[in-house]
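I have placed the structure first, in the form of structure tokens, so that the comments after it can refer back to it.
The values are calculated or read from the model by the stated rules, or taken from the named source; none is laboratory data. Keep in mind the model is a prediction, meaning the values are calculated, not measured. Neighbour counts run over all protein chains shown; Cβ positions are idealised from the backbone, glycine included. Heavy atoms of the whole protein, side chains included, go into the accessibility calculation; ligands, DNA and RNA do not. Shrake-Rupley method; radii C 1.70, N 1.55, O 1.52, S 1.80 Å.
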Amino acid sequence: MNVIVCNTADEMDVIASKEFVDLISTKPNAILGLATGSTPIGLYKKLVQLHKDDKLDFSKVTTFNLDEYVGISQEHACSYHTFMHENLFKYVNLPKENINIPDGQAKNLEEECKKYDQKIEDAGGIDLQILGIGRNGHIGFNEPGTPFDAVTHIVTLDQGTREANSRFFNSIDEVPTKALSMGIKSIMHAQNIILMAKGADKAEAIYNTINGPVTPVVPASVLQLHPNATIILDKEAASRL
Ligand code: GLP
């Protein structure tokens with residue numbers, strides 16, 4: 001595991017965005033694994049700027065998002081479809097048909113999960129996966145206790161995760177109780193993984209991810225087993241290391 005501690009959030013975003021530029025310049029049809037949450041917003045801003053400056057062409061790129069809520073529409077202000085559209089997709093030249101986000105409204109959710117993994121495999125697998133981390137160490141929506149061999153699946157969200165994510169909704173009652181998430185096995189198949197964490201409320205999860213035992217109790221600790229995982233942190237998230 002490669003751990004980079006940065007002085008500012010901007011420095012984190014610059015380092016992560018450079019990985020995208022390097023990848024897409026050598027492989028224009030790269031397959032990206034994308035994350036939601038507040039952490040990657042700065043990175044997405046950098047990618048948009050690089051695109052505007054003609055340094056990043058998404059015309060052949062394909063994306064797969066980690067997760068989506070079950071029980072809210074794609075058009076809902078808090079859906080991850082909306083998040084991605086508002087923070088990245090509407091500003092770049094990524095073909096609509098190359099965008100993949102699990103469909104939390106699918107009639108048959110089990111089938112949707114199977115189809116999602118198959119689609120990733122058919123695309124040739126993810127070249128670069130971006131991850132945030134939950135306060136409880138979750139990646140995607142793989143909550144503590146998720147087996148490491150899980151592929152894309154239906155998740156029941158932890159109460160703490162619903163509380164943390166309620167800041168985006170009007171109230172906690174509106175936060176869905178379920179989601180679809182790429183599994184840990186699906187995530188671990190990516191060639192390269194970058195996990196970003198900002199802020200003191202992630203410090204304990206980061207300590208356990210990097211220094212703790214590899215255990216499903218801390219889903220992100222599985223990254224210790226990945227050959228090309230980079231953890232990019234601000235000082236606050238790194239404060240317990
Ligand atoms: C959600 C997402 C995760 C994300 C986490 C942290 O639960 N499913 O992919 O990493 O939030 O979010 P934030 O970056 O806002 O702290």
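Within segment 9-43, the set of residues being more than 16 Å from the ligand (Cβ to nearest atom), open to solvent by less than 70 Å² (accessible area, probe 1.4 Å) and among the polar types (S, T, N, Q) comprises just one member, Ser17. Of all residues in segment 167-185, those satisfying the criterion of being more than 11 Å from the ligand (Cβ to nearest atom), open to solvent by 40 Å² or more (accessible area, probe 1.4 Å) and not charged (D, E, K, R) are Asn170, Ser171, Ile172, Thr177. Sort out which residues of segment 44-73 are away from the ligand (no atom under 16 Å from the Cβ), among the β-branched types (Val, Ile, Thr) and either crowded, with 23+ Cβ neighbours inside 10 Å or part of a loop (DSSP other than H, G, I, E, B) (or both), and write them in order of number. Correct list: Val61 only.
Annotation for segment 217-230: no member residue is within 26 Å of Thr152 (Cβ to Cβ), touching a Gly at 6+ places or on another chain (Cβ under 7 Å), open to solvent by less than 20 Å² (accessible area, probe 1.4 Å) and assigned to a strand (DSSP E or B). Residues in segment 138-157 that are within 12 Å of the ligand (Cβ to nearest atom), assigned to a loop (DSSP other than H, G, I, E, B) and in contact (Cβ under 8 Å) with a residue 24 or more places away in the chain: His138, Gly140, Phe141, Glu143. Checked against (1) in contact (Cβ under 8 Å) with a residue 60 or more places away in the chain; (2) within 29 Å of Gln224 (Cα to Cα); (3) outside any loop (DSSP other than H, G, I, E, B); (4) not basic (Lys, Arg), Gly125 passes all but condition (3). The set of residues in segment 90-137 being more than 16 Å from the ligand (Cβ to nearest atom) and within 22 Å of Asp13 (Cβ to Cβ) consists of Lys90, Tyr91, Val92, Asn93, Leu94, Ile99, Asp127. Output the residues belonging to segment 192-241 that are out of contact with any strand residue (DSSP E or B) (no Cβ under 8 Å at 6 or more places or on another chain) and acidic (Asp, Glu). Asp201, Glu204, Glu236 - these are the residues of segment 192-241 that are out of contact with any strand residue (DSSP E or B) (no Cβ under 8 Å at 6 or more places or on another chain) and acidic (Asp, Glu).
Looking only at segment 207-238, residues that are closer than 17 Å to Glu143 by Cβ and touching a residue at least 60 places away in the same chain (Cβ under 8 Å) come to 10 in all.
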